[in-house]
Every structure is written in structure tokens, then in C-alpha cells.
1. Considering the range B:315-350 alone, what residues qualify as being facing chain A (nearest Cβ under 8 Å) and modelled with pLDDT under 90?
2. Working only within the range A:156-202, note down all residues that are modelled with pLDDT of 85 or more, farther than 17 Å from residue A:253 by Cα and away from chain B (no Cβ under 14 Å).
3. Count, please, the residues in the range B:74-88 that happen to be closer than 23 Å to residue B:111 by Cα and either within 32 Å of the chain's Cα centre (by Cα) or in a helix (DSSP H, G or I) (or both).
4. Mind checking whether some residue in the range B:229-248 is in contact (Cβ under 8 Å) with a residue 60 or more places away in the chain, closer than 19 Å to residue B:368 by Cβ and more than 30 Å from the chain's Cα centre (by Cα)?
5. Scan the range B:267-306 for residues that are within 14 Å of chain A (Cβ to nearest Cβ), buried (at least 21 other Cβ atoms within 10 Å of the Cβ) and touching a residue at least 60 places away in the same chain (Cβ under 8 Å) and jot them down.
6. Restricting attention to the range A:121-138, which residues are assigned to a loop (DSSP other than H, G, I, E, B) and modelled with pLDDT of 80 or more?
7. Go through (1) on the phi > 0 side of the Ramachandran plot; (2) free of Cβ contacts under 8 Å to residues at least 12 places away in the same chain; (3) surrounded by 15 or more Cβ atoms within 10 Å (Cβ to Cβ) and name the single condition residue A:121 misses.
8. Which of (1) at pLDDT below 90; (2) in contact with a helix residue (DSSP H, G or I) (Cβ under 8 Å, 6 or more places away or on another chain) is the odd one out, the single condition residue B:249 does not satisfy?
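The values are calculated or read from the model by the stated rules, or taken from the named source; none is laboratory data. From a predicted model like this one, the values you see are computed outputs, not experimental measurements. Methodologically, a virtual Cβ is constructed for each residue, glycine included, from the backbone with ideal geometry; neighbour enumeration extends over all protein chains shown.
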């Protein structure tokens, strides 16, 4: 590794940039969604409705004159939705009729579409609450409390999540490259001529890369704590144990890829698939775990990041401690041992053993 | 351009085709991997499979509380578990066994019977803030809907009517998440596979000294790159574009509402960008490892800032201008525009022009650096 200083520098530097970008660039929810409003009534009530849309902070309102078409704006994705307030809106409302405001939503970007759709109901409820006679409070009052992250701070979620993904992205890649290159150059087979046995060989290599991985993990941890001013609330010991195991696990998975997949490029591709696709998509950071359909619901369970995510969340948000994360820690150990067994078996074969 | 230059280009073009013909795996392997990964991930990340694990504690045990519970049971999104006490429900939330909990207090029936506002406690796990918001709005939404039913049936006659919002969702009325995932993921996988394939090829040439051999020929570096880019666009377009598109249409019913020509034109421009990114990194990096690390890093960065999964409106202000310089961002608008909306070049012209500009700039930059190294 020390032969390629640039790679070591990239290995240590890129995760910081990655974690910073992934933690700071996405906001909690879409904001500034552009909505076209065509008011065909132009009365105080229709203006109240338009003000209701403006008051919802997520929207940026573009007024559209009667007779103009909103479709081109939706086609060009310059607006995410169009609201048409019909003629006689106020008159019909005050004669006791039900009046309908039309919300046309551009549905190709589902998250935006969902936000505008829920906004349609929210704005309408808000306007109706403004028109409700005094004293008319709803019969049932939901008192909603958000646990573990009451302010719904994005950093509390994205920064620890990016920390987990960052380790899974770069650590296996380094290990896969090292094992794959050694295998290609015949260094693994040459070790057979020495008095090193396969177990010592595997432990030694994994230990070396785990040490580098742990240095990287420690630096990333300090980075997220300092930059995002995170204040962990849970026990440190489960987090520390799990971080060591998770790093070793990722190095072992990288080693497994390196010894199993022939060719450096293929090994890199596989390590990218592990870190960039499997871990990133299925470990619960990007999409909820429940999104994986039957009969593949087990898939997130065999990914180390799924369990480590849970332990990291416990340290930063939940604060349940060993009682809540012992099973995830045990699974992490199990996954590491399984990967280690297959690496050892393959290395033993490569070194000429049975 | 002289006749000689055309001839040289033709020779380079034939040479690149010969390379691919001799080892078709260079194109076929990434194309097959891409198609399989695309179909698998789209299948496995099925957000239509959305359920909320809800715990309910009914301390009231009355007709009123059972009526409220039945509203939750009727909403199919909830997977309901009942708990005997608030402590049991709290523990379940702590251990992440449920996403939210509803506690109906003991005096709920008395409040409802007396016509007083009856509070109901809703506890939401907001470890993930966006999921927490969604779950919270689902759980509170059931109560709000129930309130509307109660007030409209019991309200005294009034001269005021009701305002309702009629929502019409265009282009994906059923909110089919697989269409959305497919159109977002295709570009990401292209970027990852195509840039890597070409990057590895150029890097191997560098490592094996083929770059030095080119110096002994009359071919100019930009001609070599141009020939290679054309070859790989011609190879990747049917293998990595048309095949996954057909597969997506057959398996997931992703519609093709616009013109195939418009889509392929956008795909060509995007592939030129992806190929140039691969070449550029191979030229500037000193080893295969460095290049792979940088490619991995920039692909994930481009994915985030493209609007493929995270909407551009969900990016912070500082990150939004970067989307303009991201070829993937323009491609996502084009593929969703052509396939889902059925619009064409005339509507999406700014994005086609941006891809053309970015592709040209990336190509010139990589050719210039390539030329410098070839010297």
C-alpha cells in the first residue's frame, strides 16, 4: 500500500469529502417546489387560497393569467404542479356548495409529486380552518410527538448514515485491490514456500488493512462530530465494539472479493457493487428496509451495514444501549466469521493446501 | 478536414471495432451486468411495498375508541400490533419494532361523549426525519379524516360550503415507483459501467505502453479518442441502451410515450459524456487504483446531484447550481420527459444542448490531456 502514496491519500481523503457532500447537500424535504396558480375567480376567497399556497413554505408560486396554458411548464419540468381555482369559487362556497380546486401534478419525480399531492390536502385544510366559525375545534386532537430526533434535524440522520456508507464504500475496495493484485502477481502462492500457514497469512493481511480502516473510521468519526456538531446520546461501548467489528467485516468482505474474483478490474467492479449498490441501496439509509419485497426481505439482513446502521443510530439518537443492539452486534460478528472462513478456505487452496 | 484525416479516422474506427470483435466481453460484460443490476434493483427497491408498523394502546376500551381503531385498520398502509400498556408500546418503539404508536387515553370516551376535544397521543420514531414526517402525517391523517367525517355529520346547517382539492397526477397517475426507479437508475448504471470500461481500456494502454506506440503513427491523439468514442457509442447504444429499455418495458411496463429517436439522441450525447469522463480520469490518474477510486467517488456524487432519486428541490442552495454541470441531471430530465411525458427535443432542447456542451467540453479536455501525455 505504501508504494502508491496517492491511493493512500485518496483512501483517507475521499471519505471526508463524500461524507460532507452526502450529509450537507440533501435537505430534509423538497422545498421551493414551483407551483403555477391560475386564479379564474379573482375574489377575496380565491386570494385567500392562493395565500394559503404561498404560506406553505415548500412552494414558490408562479401566477398564470386566465387563458394561458400551464401544460408547457409541466412538460419542461419548470413547474411541479398547477392549481386552477375555478370561476364562481367564492359565490358557490357562500351559497353552501362544495367547490373544487384542481391540482394538476407532474408525476415523473415521485418524491416531488407526493409532496405536492399532500400539499393539496394541507393547503385546503388550512384554508378551511381559516373559515371555520370560532370555537369549532376538531372533536379528536392528535398530539404528535417525534421521538429520538424531535427537531427532525437532517444532520442527525445523514451524517451518521454517510459515515456507515463511507466505510463500506472505500474499505472493501482497498482490501479487494490488495488481495486481487497479490493473487494476480502470484504473491499468495509464493507465501506457500515460506513457513507462514494460510490462517496466519489471512489474519495478518486482514489485521493490517483493518488497522488502516480503523484509522480512517476514527478520523471520519471525529470529522462528523466536529463539523456537524453532533452530540451522541447513547453508550460508547457498543458503538466502539461495533465499529471495530464492522471495519474488520468490511475488510474481510473486500478480501473475499479479492480472492474469489479473477482480475483486478472485476474485483473492483464487485467491490463497487457491494459498497455502491448493495450497501447503499439496501441497508436502510436511502430507502426504508420494508421496501424490499417478498421473498427477498432477507437481503438487508445479510448486509453488515444494515446492522451497523442500527447501532450507530442507537449511539447518536436512540440511546437504548446494549439491550437494544446486542443482537445486531452478534450478527456482525457472525457475518465477519462467515466471510473470514471463505477467505481462509480460498487462500489455503491457493497456497497449495487441500 | 483533409481526405487523409478521414481515412485515418476510418482506420482508427476499424481498429477499435476489431478490438471489440476480438474480445466482445469488453462491451457485452458491462451491458449484461448493467441490465441484470437494473432489473434486480428496480424489483428489489419497491417503494409501492410501503407499510407502516403501527402500535396501538387502547386504554379507553370503549365504542368510541374501537371506532377510531377501525379507521386505522381500514387504512391498508398500516401493519397493526396492539399493546396492553403505553410502557410496552414505548419499548417497542425503542427497539425499532414499530414505526409509530397511537395511545388512546382512558378518558377518551368521556371527552367524546361530552362533546369536548379528545386528545390522542401519536408517537413517531423520527430517527430518519423524512420517514418520521411521512409516518407522522399518515398516523395523524387518519384522525384528521375521521374528524372531517364527524364534523360534516354533526355540524349544524350553515350557509358556507366545503372546499375540496381534486388532485390529478399526470404521467404516472398510479405513482408506480418502478417507472421512477428505472428511469433514474439506468443513467447511473450507464455512467458507472461505461466510464469504467473506457477508463480501464485507456489505463491498460497506458500501462502496456500502447500510448507510446501511437506516437509512431500519423494519427493525432484527438483522432484516436474520437474514433474510440464513436466505436463505443455505436457498440453501447444497442447493447446497453436498447436492451435494458426493451427489458424495462416488457418486465415493468415502463411506457415509451415519446419518440425513440429523441431518446437515442439524448442517450448518444450522454454516452459521449460518460466515455469522456472515463478517458479523462484514465489520463489524469497514475494507476488503475487511483482511477477506480475517483470514478467511484464521482459517480456517487453525480448520482446525488442529478435528481434521479433525490429531487433537485431537496438539495441545499449551494448544491443546486452543480446540477447544471452534471450530465446525469440532464439525462434524467430527458429520459423521464421522453418516456413518461411523451415530449420531444423541442421541449427539452435546453437539456440536449447542455449535454452537447458538456460532452464537447469533456471530450476536448480529455483529448488535450491525452495529447499532452502522448507527447
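1. Those that are facing chain A (nearest Cβ under 8 Å) and modelled with pLDDT under 90: B:315, B:316, B:318, B:319.
2. The answer is A:163, A:200.
3. 1
4. Scanning the range B:229-248 turns up no residue that is in contact (Cβ under 8 Å) with a residue 60 or more places away in the chain, closer than 19 Å to residue B:368 by Cβ and more than 30 Å from the chain's Cα centre (by Cα).
5. Across the range B:267-306, the qualifying residues are B:278, B:281, B:282, B:285, B:288, B:291, B:292, B:295, B:299, B:302, B:303, B:306.
6. The answer is none; no residue qualifies.
7. Just one mismatch for residue A:121, condition (1).
8. (2)
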